[in-house]
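Notes follow once the structure below has been shown.
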Protein chains: 2
Amino acid sequence: MAKKKAGEAEPSGRLLDALRVPAGAVDLGKFDTRAATGFSGTKEEGKVALDALGPEVSDFQERLYAEGRKGSRRSVLLVLQGMDTSGKGGVIRHGAGLMDPQGLRITSFKAPTPTEKRRGFLWRIRQALPGPGLVGIFDRSHYEDVLIARVRNLVAPPVWNRRYEQINEFEAELAEQGITMLKCFLHISSEEQKLRLAARLDDPTKHWKYNPGDVDERELWPAYTEAYEAALENCNGPAAPWYVIPSDRKWYRNWAVTTLLLETFRDLDPQWPKADFDIEAEKTRVAAD
Amino acid sequence: MAKKKAGEAEPSGRLLDALRVPAGAVDLGKFDTRAATGFSGTKEEGKVALDALGPEVSDFQERLYAEGRKGSRRSVLLVLQGMDTSGKGGVIRHGAGLMDPQGLRITSFKAPTPTEKRRGFLWRIRQALPGPGLVGIFDRSHYEDVLIARVRNLVAPPVWNRRYEQINEFEAELAEQGITMLKCFLHISSEEQKLRLAARLDDPTKHWKYNPGDVDERELWPAYTEAYEAALENCNGPAAPWYVIPSDRKWYRNWAVTTLLLETFRDLDPQWPKADFDIEAEKTRVAAD
């Protein structure tokens, strides 16, 4: 039997299948934050494997973009959620960074402004949806409206309770519009977060990323976990399933999300658009020019 | 005497100085489209040299971004102009692609919509300016309003004639706001454009990029050249000078623009923000948590 190549997905199949959250109740404690599902190599091999995904991911992205320029409505939307320091930015830098920035539409959602609040929680999300052929990336998303909003009592329970169904309807609508969502929860342990906060304090080039409020937020870890479990359970329909990414190991997290993106592209299988002009006639015109 | 290393700028100094358009009348015929100013290596060495710029460019970009998160108003705006096929997209893909996409704000300007037209030609440009700490990239820009608008008589001569001064005032305002502009004209020869159009026709993966109208536009090459010369001459103030990038060789073009960006970053010299909290107290809090 041939030795399995480092970085190759498990023989059982695709990473999309392996990391998908099964329907039903979700207990995040049962998801190992240090796993390297689908990858059997070392950290160094993981970094090499990530870079090796670049050409294929980039090629698919350009095909999708080209399709979008010629009438296709399809696009991809990567949603990144996770506790502070879970590495949403790192995934964008190292994974999305493999793609052409012209085809990306990245939005980082902060606390909503008063204007945004008045317009309903999905309004600003709709403004940020990727256009045809683009790869949208949400660093946080409408899920904050059932996470921090729930944990911090920013709205009354009946309000956030209704939102799960509103989100499901919204995401079904996006699927009908041709937006393929890839919702990733970057799953870290509380211990790993503590190490990462300490590391930020030790490195003067990372002080700007440190926010003392993050330590206060750690006291709400169990409440956030519960809110995430509810979101992953209630908004996990077939049109927009959730994936849990073991994220204690940064290199694995980056490889895994990028691999999920690649597999999503493969499913979409975008094609180079056919010429909408007479190729031979144009060759003659250019040559005669 | 030590042999000059491939990719090293000429001993005379910086590429910013070498490629800057001197004040006064501009004759584009005097700018060699195939030059490799400041670079003495081969094509392959040029590609390696471009990738080698990645870590430094990326580090500066993150410092600028970090500053922007902590109160600095500074940003960089790369403006790319050039004839069809001159490679504005290629520069973004290969040069800007070295940076973290989270810190980029890329805008591609097409023909203005009726709403945009009603609001004056600078309105949509202002909407697309990079926020603090970001690197903005314009694929075409307000210069189209003195280029195609002039060549195609989209507005009366007194209208486009006034725009040079309006642009100068606008760009001076941006400089005061902390936006450092890097305006690059990607200079190709008419013969090179012909080769590139023919190459697009020969490659089915590039048919989507081919537009028969581009061949018609070639008849206006002299008029566009004249319009570019006027723009480069009239809007070349010290706050926002023009750079002419010899662009018949794609690898050189990508290396040159990225090098200009790197030198611009070096001039700005962004610094990691100092902690705005008590580092030792925070270390204790995290450790005790």
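The values are calculated or read from the model by the stated rules, or taken from the named source; none is laboratory data. This structure is a prediction, so every number in the text was calculated from the model and none was measured. Cβ placement follows ideal geometry from the backbone for every residue including glycine, while neighbour counts extend to all protein chains displayed.
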Kindly indicate whether B:LEU122 is more than 14 Å from chain A (Cβ to nearest Cβ) and not hydroxyl-bearing (Ser, Thr, Tyr). yes
Restricting region B:227-255 to residues that are within 25 Å of B:GLY133 (Cβ to Cβ) and aliphatic (A, V, I, L, M), the one nearest to the other protein chains (Cβ to nearest Cβ) turns out to be B:ALA240
Quick check on this structure: which one of B:ASN168, B:ASN161 is of a type outside the set (Lys, Arg), more than 9 Å from every other protein chain (Cβ to nearest Cβ) and exposed (fewer than 15 other Cβ atoms within 10 Å of the Cβ)? B:ASN161
Give me a count of the residues in region A:76-89 that are surrounded by fewer than 21 Cβ atoms within 10 Å (Cβ to Cβ) and either of a type in the set (Phe, Trp, Tyr) or within 10 Å of another protein chain (Cβ to nearest Cβ) (or both). 1
May I ask you to list the residues in region A:112-128 that are crowded, with 17+ Cβ neighbours inside 10 Å, in contact with a helix residue (DSSP H, G or I) (Cβ under 6 Å, 6 or more places away or on another chain) and under 21 Å from B:GLY131 (Cβ atoms)? A:ARG124, A:ILE125
Would region B:93-100 turn up any residue that is crowded, with 22+ Cβ neighbours inside 10 Å, within 11 Å of another protein chain (Cβ to nearest Cβ), farther than 26 Å from B:VAL244 by Cβ and touching a helix residue (DSSP H, G or I) at 6+ places or on another chain (Cβ under 9 Å)? no
Could you say which residue among A:TRP208, A:TRP123 is under 29 Å from A:LEU98 (Cα atoms) and free of Cβ contacts under 8 Å to residues at least 24 places away in the same chain? A:TRP208
For B:LEU182, state whether it is away from chain A (no Cβ under 14 Å), touching a residue at least 12 places away in the same chain (Cβ under 8 Å) and crowded, with 21+ Cβ neighbours inside 10 Å. yes
How many of the residues making up region B:148-188 are under 11 Å from B:CYS235 (Cβ atoms) and of a type outside the set (Phe, Trp, Tyr)? 10
Determine whether region A:152-160 contains at least one residue that is at pLDDT 95 or above, touching a Gly at 6+ places or on another chain (Cβ under 6 Å) and of a type in the set (Gly, Ala, Ser). no
One residue from B:ILE137, B:ILE167 being touching a strand residue (DSSP E or B) at 6+ places or on another chain (Cβ under 8 Å), within 30 Å of A:ARG105 (Cβ to Cβ), of a type outside the set (D, E, K, R) and not in a loop (DSSP other than H, G, I, E, B): B:ILE137
For region A:256-279, give me each residue that is within 14 Å of another protein chain (Cβ to nearest Cβ) and among the small types (Gly, Ala, Ser). A:ALA275
Looking at B:GLU282, is it without any contact (Cβ under 8 Å) to a residue 12 or more places away in the chain, surrounded by fewer than 17 Cβ atoms within 10 Å (Cβ to Cβ) and within 9 Å of chain A (Cβ to nearest Cβ)? no
Subset of region B:187-226 (residues that are among the β-branched types (Val, Ile, Thr), in a helix (DSSP H, G or I) and more than 10 Å from chain A (Cβ to nearest Cβ)): B:THR225
Within region B:248-260, is there a residue that is part of a helix (DSSP H, G or I) and either loosely packed, with under 14 Cβ neighbours inside 10 Å or more than 16 Å from the chain's Cα centre (by Cα) (or both)? no
Show the residue pairs meeting these rules: Cβ distance below 6 Å; 6+ apart or different chains; first residue within region B:234-248 and of a type in the set (S, T, N, Q); second residue in a loop (DSSP other than H, G, I, E, B) and surrounded by 20 or more Cβ atoms within 10 Å (Cβ to Cβ). B:SER247/B:SER86; B:SER247/B:GLY87; B:SER247/B:ILE188
Restricting the first residue to region A:129-140 and requiring it to be buried (at least 21 other Cβ atoms within 10 Å of the Cβ), which pairs with a second residue that is of a type in the set (Ser, Thr, Tyr) meet a Cβ separation below 6 Å and a spacing of at least six or different chains? A:PRO130/A:SER75; A:GLY133/A:TYR65; A:LEU134/A:SER75; A:PHE138/A:THR107
Being in contact with a helix residue (DSSP H, G or I) (Cβ under 7 Å, 6 or more places away or on another chain), surrounded by fewer than 18 Cβ atoms within 10 Å (Cβ to Cβ), farther than 23 Å from B:THR259 by Cα and more than 9 Å from chain A (Cβ to nearest Cβ) is the requirement here; does B:PHE109 meet it? yes
Among A:GLY136, A:GLY131, which is the only one that is touching a Pro at 6+ places or on another chain (Cβ under 6 Å) and within 14 Å of chain B (Cβ to nearest Cβ)? A:GLY136
Check on A:ALA230, surrounded by fewer than 21 Cβ atoms within 10 Å (Cβ to Cβ) and either free of Cβ contacts under 8 Å to residues at least 12 places away in the same chain or part of a helix (DSSP H, G or I) (or both): yes
